[in-house]
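Here is the structure we will look at, set down as structure tokens.
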Amino acid sequence: MQSIKTWAGIDVSADTLAAHRYRDGNEEAREFSNDSTGHQQLVKWLGKSARVAVEATGIYHLQLALTLRKAGVEVMVVNPRVAKDFARALSNRSKTDEVDAWTLLEFLRRMEFVAWEAPREAVLELRELGRRLTELVRVLVEEKNRLHAKRKGGVSKAVRADVEQHIKQLAHRINTMEKAAVEVILRDADLLEHYQILIGVPGIARRTAVLLLTELAVLDPTMSVRQLVAHAGLDPRTYESGTSVHRAVRISKQGNARIRSILYMNALSAIRNDRGARRFYAILVARGKKRMQAVVAVMRKLLHGIWIVMQRRIPFDSSVLFAASLAQAGSSDSAVAADQPQPDQDHPQGRSAAEELPRQLDPVPAEATPSRKKRSKAA
């Protein structure tokens, strides 16, 4: 393992890179342009044996991270929420690019380093196509809503015609992006295998499989189910203080909103069309869960199952996924909630499919420990 000589935090924006460097006992701050020229200048400034922390900022940090990794720099990509909480812990009273860069440097020096690995080129291309597809679908939904309102409002025929034409154009562009994404998948054996597994999941069709693969393919394959649930923001958030404050348990929503959005529609479709999901949902509602809580439980179940079968490269089996939960619901008086993997559950490597599915998919009673004062309900 190389000895790290340079530590740096880099705050990334659309046009600039604010960098704060620690080397040989000295600290220095500089600003670079967020383009190829600025990236190369930054690499030279960092020197050899460097370790860097950058904050995840959508598309703006990605090219920088790729350039740094290609140059041999160790990179850690920090979740923006984590960086914000760390800055609050440091009692930062100001927020500037330079302060943010210094905060990332301190995070890098004090916290455990988690190396970022660059995804394959096919995965990156699929990610861009999938996210563009999501943007176009969102605009299409907005335009359809506008058209409905204008028809009801009796506005100008010319305006309605223009909206209708725009809807047709959007539908064509969506189809083009979807076909391009599928072509990328077909050219990559690993992506194709995962895609074929996804379209075998109840409630997932071609477009949904593309969008979900877009978000899951870039993740570290060694992530545990517990880590994946937290990444998607579907982990339960308990809020208690003393003996008087005991709020209902809700999902954190501190994660990838795209995954949650996709899974929500998948869960609704699965509840309608899959017997296991429908029975699981019905039992939760019958035992006092709100309908949305039951839908979230199905979302979490589906995410668990999808991740396991993708890593084990085996077909998705809904009967296996929901069987244990249904059996427990029929024999237990406790409220049935989505399973939460135990901390000792590791990654499924090294175990057979027959051993892995029951271990990872069997539920643990109650997604969060009920308060001593009253039972909490998961959202």
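In what sequence do Met111, Met223 fall when counting other Cβ within 10 Å, fewest first?
Placing the least packed residue first, the sequence is Met111, Met223.
When the convex hull of the Cα atoms of region 42-163 is projected onto a plane and the area is averaged over all directions, what value comes out in nm²?
With every direction weighted equally, the projected area is 12.0 nm².
What order do you get for 293-301, 140-148, 6-14 when each peptide is scored by the mean count of other beta carbon atoms within 10 Å, highest first?
Ranked from most to least packed, the peptides come out as 293-301, 6-14, 140-148.
When the label point is put 7 Å from the Cα of Val141 along its Cα-to-beta-carbon vector, which residues of region 183-207 have a backbone N closer than 18 Å?
203-207
If you plug each phi of region 108-118 into the Karplus form 6.51 cos²θ - 1.76 cosθ + 1.60 with θ = phi - 60°, what whole-Hz ³J(HN,Hα) values come out, in order, with x for Gly and Pro?
Karplus values, whole Hz, x for Gly and Pro: 4, 6, 9, 9, 5, 7, 10, 5, 8, 10, 5.
Kirkwood Rh, region 1-89, all Cα pairs: how many Å?
Values: mean 1/r = 0.0760 Å⁻¹.
The Cα-based Kirkwood calculation yields 13.2 Å.
Give me the distance between the Cα centres of region 104-140 and region 146-160, rounded to whole Å.
First find each Cα centre; the distance between them is then 39 Å.
For region 121-216, how big is the tail of P(r) above 15 Å, as a whole percent of Cα pairs?
Roughly 63 percent, rounded to a whole number.
For each of Thr103, Thr67, count neighbouring Cβ atoms within 10 Å of the residue's Cβ, then give the residues from fewest to most.
Thr67, Thr103
Each reported figure results from applying straightforward, stated rules to the coordinates on display, with no laboratory input. The model shown is predicted, which means the values in this text are computed figures rather than measured ones. Glycine gets a Cβ as well: all are built from the backbone with ideal geometry, and neighbour counts include every protein chain shown.
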